[in-house]
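Here's the structure, in structure tokens; my notes come after.
The values are calculated or read from the model by the stated rules, or taken from the named source; none is laboratory data. Given the structure is predicted, the values throughout are model-derived calculations rather than measurements. In this analysis, Cβ positions are derived from the backbone assuming ideal geometry, glycine residues included, and neighbour counts consider all displayed protein chains. The protein model used for the area step is the full one, side chains on, heavy atoms only, and it has no ligands, DNA or RNA in it. Shrake-Rupley method; radii C 1.70, N 1.55, O 1.52, S 1.80 Å.
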Amino acid sequence: MANVMSLPAVRPETEVTEKAKRRRHSAEFKARILREAETCTQPGELGAMLRREGLYSSHLSTWRAQAARGQIAALEPKKRGPKAKVIDARDRQIADLERSLANATRRAERAEALVEVQKKLSQLLGIALPTPPEDT
């Protein structure tokens with residue numbers, strides 16, 4: 001028993017596998033599998049076909065339901081994520097005009113504030129400012 005305790009432990013090598021990727025099947029592949037599944041009449045024939053193709057029965061039932069609903073285009077793999085927004089040239093122009101209006105408004109407010117400061121300073125120092133001509 002003492003000899004068994006003194007033996008070094010043998011560790012198996014750790015296998016690192018590549019990250020799994022989502023499988024995407026083309027519409028032609030799905031249509032071919034559906035046609036082939038229809039020809040399977042013997043017991044176990046359908047299961048053998050699914051194993052050979054590396055598919056699950058849920059794939060087959062989903063594709064059959066889509067085909068029954070007439071969603072032939074649904075057999076194509078769909079791109080995941082939010083749909084890209086199409087930006088209209090008019091929308092871009094409106095955004096640019098709004099941005100330039102906001103900049104002009106900020107500049108006008110700053111100029112008005114400077115004029116107010118100049119008026120207050122001239123009143124404190126007793127300097128008379130020229131009055132602008134009246135517009136009629």
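List of remarks:
- Condition check for SER61: at pLDDT below 90 and either part of a loop (DSSP other than H, G, I, E, B) or small (Gly, Ala, Ser) (or both): no
- Taking the stretch 94-136 as the range and being among the charged types (D, E, K, R) and in a helix (DSSP H, G or I) as the test, the residues that pass are ASP96, GLU98, ARG99, ARG106, ARG107, GLU109, ARG110, GLU112, GLU116, LYS119, LYS120.
- ILE87 being open to solvent by 90 Å² or more (accessible area, probe 1.4 Å), over 30 Å from ARG22 (Cβ atoms) and assigned to a loop (DSSP other than H, G, I, E, B): no
- Condition met for GLN123 (polar (S, T, N, Q) and exposed (fewer than 11 other Cβ atoms within 10 Å of the Cβ)): no
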